[in-house]
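J.: Structure provided below as structure tokens; questions to follow.
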Amino acid sequence: DALGRRVLCGTERATVRYVGSVPPTAGIWLGVEWDDPQRGKHDGTYEGTQYFKCRHPRGGSFIRPNKANFGVDFLTAIKDRYGLNVEQDVQHGTEDTLVFGKKTVEFVGMDSIAEQQRQVQLNQLVDISVRECAVSHAGQKEEISRTCANIRHINLSKNLISSWETVTAIASQVQNLETLNISENKMKFPSTSTSVSSVFSKLRILALNQTEITWTEVLLCAPGWPALEELYLTSNNITVLERPDNVLQTLKLLDLSDNQLLDGNQLHLIAHLPRLEQLILRNTGISSIHFPDAGFGCKTKMFPSLKGLAINDNKISQWSSINELDKLPSLRSLQCHNNPLMDTEKNPETLRQLIIAKISQLEILNKSEILPAERKGAELDYRKIFGNDWLAAGGNWNPEKNKPSEEFLAAHPRYPSLCLKYGAPEEGELKGRQPLTLKNQLLTLTIKCPEKPEQKPVERKLPESMTIQRVKGLLYRLLKIPGSELKLSYESSKLEGKEVELDNDLKPLQFYSIENGDCVLVRW
């Protein structure tokens, strides 16, 4: 039955929506809905009669069956891809005779030897890719398990698979299947719960990107994935999530990127997956993150094992969402590029410092390691910058009088713990402090490593209010220095060969009278 089958026509892919006659023409036609609607002519209606429906008003066409490639079975694709097909050998002229001088020697039974070699080669394959090989069906029963007994990893992406049943038919013949990629196959998934079988009992990694699967269908299939650790579901028009009950409990990584989720609260529905360590939510349209079960400075019970979170390319514009991330008990790594929040600070260094100060356990931010010196600098700076706000909101150096307002604590939930860690900021520290706009003078400085001639000098523009601690944090990353102690000094044309040590981490550059064009020397 061709209905619902995936076909190739030239290089274009389509789904068969109708098989039959189209009067007044003679013969059988296939009504197809193209993946690329630009390729079509109509919506399945011809001469006033609707033969099939399309999502797009011009997504359909009629083609003759001989123009459609219905694809090949899995094993044929493997043999073609890995050059193990009998027909190919014959074409290349591997006959049963060899010529020595003028004598022709005939080999008896070459076919059977070649066949045996092919069987051995197929049996050695562990990692198979038949991406874009027009695979549409499993082939003869048991043939795969007889021929390729050792497969563990299969890439079946961008083929002509039209249903999850076909995937199951292939996988049921692969005893030790661990990794399966069936992305870019538009297919039908079960709409009712399936009987649990042991087909995917060893499957650890599954990619279903661009397959049009819904979250409901994921949960219907999931009982069959008892050992699954990584699940990739990007670009599937998934908008709403549901709570997984007794399924996906082994999952360590979930990628939902490029699905426009209804809102950030959808995340609460997957927040109790006990082993989830990595959650990738790039371009999911979320504008805020909130863990309502925990108050300021407390840890949430949601996402108990989550170590890594990627929320790049979203619509997060409020610092409150960053504050909320400090509630995640296990968070170590965050990626948050390309959110409107990033435009609130002109200086990317300042932005980084603020995020580091707000999330206490973070070790990696936007793929760059946070070294202890950088964290210390960020936290000291934060405590100082918002010190006047803290005082104005009812903060006090005397613990008995210290009662900062709810509003202040909502905006700066970590402030009390920073005061515990470093002491409350002192009055002298806060006098004449500029707000965090860094509109003050930028100094152009040359940075040199006199004891490491292989390290080329670099030029950097730094605000004169930048503390030595923060300069060190920047240099750790810029020069990729391991966590050793940095010694900084500077030389100026005015000082003729004298070096001045930059020895107080809490002082700003301007304290040392550094000027434009001076040279900072770095030793470690």
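J.: Going through the range 228-241 one residue at a time, which ones are open to solvent by 10 Å² or more (accessible area, probe 1.4 Å), part of a loop (DSSP other than H, G, I, E, B) and more than 20 Å from Pro304 (Cβ to Cβ)?
T.: Thr234, Ser235, Asn237, Thr239, Val240
J.: From the list Ser492, Ser465, Ser513, which one is touching a strand residue (DSSP E or B) at 6+ places or on another chain (Cβ under 6 Å) and modelled with pLDDT under 85?
T.: Answer to the selection: Ser465.
J.: What is the number of the single condition among (1) under 26 Å from Arg470 (Cα atoms); (2) modelled with pLDDT of 95 or more; (3) open to solvent by less than 60 Å² (accessible area, probe 1.4 Å) that Ser257 does not meet?
T.: That leaves (1) as the condition not met.
J.: Is one or more of the residues making up the range 285-297 in contact (Cβ under 8 Å) with a residue 40 or more places away in the chain, among the small types (Gly, Ala, Ser) and surrounded by 14 or more Cβ atoms within 10 Å (Cβ to Cβ)?
T.: Yes, the conditions are met somewhere in the range 285-297.
J.: Another question, then. Give just the number: which of (1) under 29 Å from Ile468 (Cβ atoms); (2) in contact with a Pro (Cβ under 9 Å, 6 or more places away or on another chain) does Arg352 not satisfy?
T.: Here Arg352 clears every test but (2).
J.: Same structure, new question: So the check is Cβ under 8 Å with 6+ separation or different chains; which pairs have a first residue in the range 122-143 that's at positive phi and a second one that's surrounded by 16 or more Cβ atoms within 10 Å (Cβ to Cβ) and acidic (Asp, Glu)?
T.: Gly139/Asp73
J.: So the check is Cβ under 7 Å with 6+ separation or different chains; which pairs have a first residue in the range 232-261 that's under 11 Å from Leu281 (Cβ atoms) and a second one that's assigned to a loop (DSSP other than H, G, I, E, B) and modelled with pLDDT under 95?
T.: Asn259/Asn237
J.: Based on this model, can you work out whether Val86 counts as modelled with pLDDT of 95 or more, under 26 Å from Thr166 (Cα atoms) and surrounded by 11 or more Cβ atoms within 10 Å (Cβ to Cβ)?
T.: Against the criterion (modelled with pLDDT of 95 or more, under 26 Å from Thr166 (Cα atoms) and surrounded by 11 or more Cβ atoms within 10 Å (Cβ to Cβ)), Val86 does not qualify.
J.: For the subset of the range 144-184 comprising residues that are part of a helix (DSSP H, G or I) and hydroxyl-bearing (Ser, Thr, Tyr), which member is nearest to Ala14 (Cα to Cα)?
T.: Checking each candidate, the answer is Thr166.
J.: Can you find a residue in the range 114-129 that is buried (at least 18 other Cβ atoms within 10 Å of the Cβ) and hydroxyl-bearing (Ser, Thr, Tyr)?
T.: no
J.: Give the range 46-87 a look and list any residue that's within 25 Å of Asp1 (Cα to Cα) and among the polar types (S, T, N, Q), or say none.
T.: Passing the criteria: Thr49, Gln50, Ser61, Asn66, Asn69, Thr76.
J.: Restricting to the range 185-196, give me the number of residues that are assigned to a loop (DSSP other than H, G, I, E, B) and open to solvent by 60 Å² or more (accessible area, probe 1.4 Å).
T.: Residues meeting the conditions: 6.
J.: For the subset of the range 328-350 comprising residues that are in a loop (DSSP other than H, G, I, E, B) and either open to solvent by 20 Å² or more (accessible area, probe 1.4 Å) or aromatic (Phe, Trp, Tyr) (or both), which member is nearest to Leu306 (Cα to Cα)?
T.: Ser330
J.: Still on this structure, please answer the following. Can you confirm whether Asn396 is modelled with pLDDT under 95, over 23 Å from Leu486 (Cβ atoms), in a helix (DSSP H, G or I) and open to solvent by 20 Å² or more (accessible area, probe 1.4 Å)?
T.: No.
J.: What number of residues in the range 449-472 are surrounded by 13 or more Cβ atoms within 10 Å (Cβ to Cβ), out of contact with any Lys or Arg (no Cβ under 8 Å at 6 or more places or on another chain) and not in a loop (DSSP other than H, G, I, E, B)?
T.: 7
J.: Hey, any hits in the range 351-359 for a residue that's within 25 Å of Pro508 (Cβ to Cβ), open to solvent by 30 Å² or more (accessible area, probe 1.4 Å) and out of contact with any strand residue (DSSP E or B) (no Cβ under 8 Å at 6 or more places or on another chain)?
T.: no
J.: Could I ask something else about it? I'd like to verify a number: residues in the range 38-55 that are more than 19 Å from Ser162 (Cβ to Cβ) and out of contact with any Ser or Thr (no Cβ under 9 Å at 6 or more places or on another chain), how many?
T.: Counting residues in the range 38-55 that are more than 19 Å from Ser162 (Cβ to Cβ) and out of contact with any Ser or Thr (no Cβ under 9 Å at 6 or more places or on another chain) gives 8.
The values are calculated or read from the model by the stated rules, or taken from the named source; none is laboratory data. Note that the structure is a prediction, hence the values are computed from the model and not measured. Positions of Cβ are backbone-derived with ideal geometry, glycine not excepted, and every protein chain shown enters the neighbour counts. Note: accessible area is taken over every heavy atom of the protein model, side chains too, but ligands, DNA and RNA are not part of it. Shrake-Rupley method; radii C 1.70, N 1.55, O 1.52, S 1.80 Å.
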